[in-house]
Amino acid sequence: MMTQNTQHTPAPWWVDHEANPLKVRSEKRLVCLMQGRLGEKHSRDLMEANANLIAAAPELYSLLKECLDGVERGCHEWNKEARSALAKAEGKL
């Protein structure tokens with residue numbers, strides 16, 4: 001993957017599914033603390049979906065930037081990375 005010129009916490013980010021409330025973490029820091037409304041019926045599911053999307057943000061950003069910058073690579077390699085980032089955002093990894 002390409003080098004990033006952004007100010008965000010470096011990837012990878014992941015969801016700590018055991019934490020209550022849920023946490024999105026990186027190697028060196030807490031990226032995000034997920035809190036829902038008490039008593040909301042699907043609050044935990046909604047927080048997990050949001051946390052998965054947040055955790056995939058660095059990979060999605062990097063892949064979109066590569067695409068828009070016109071980096072010339074084989075389609076198969078880019079497609080594999082893009083599908084992996086989307087699976088992470090959807091909580092399938």
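We did not get these values from a lab; they are worked out from the coordinates using the rules stated. Since we're looking at a predicted model, the values are computed, not measured. Cβ coordinates were reconstructed from backbone atoms using ideal geometry, including for glycine residues, and neighbour counts include every protein chain displayed.
Once both labels are modelled 7 Å past Cα along the beta-carbon direction, what's the ALA19-ASN79 spacing in nm?
Modelled inter-label distance: 3.6 nm.
May I ask you to derive the FRET efficiency for GLU90 and SER43 from their Cβ-Cβ distance with R0 = 25 Å, giving the value to the nearest 0.05? The partial results should precede the final answer.
Values: r = 19 Å, r/R0 = 0.76.
After rounding to 0.05, the efficiency reads 0.85.
Give me the net charge for the shell around LEU30: Cβ to Cβ below 13 angstrom, other residues only, Lys and Arg +1, Asp and Glu -1. Walk me through the numbers on the way to the answer.
Working: positive: LYS23, ARG25, LYS28, ARG29; negative: ASP16, GLU27.
After counting each charged neighbour, the total is +2.
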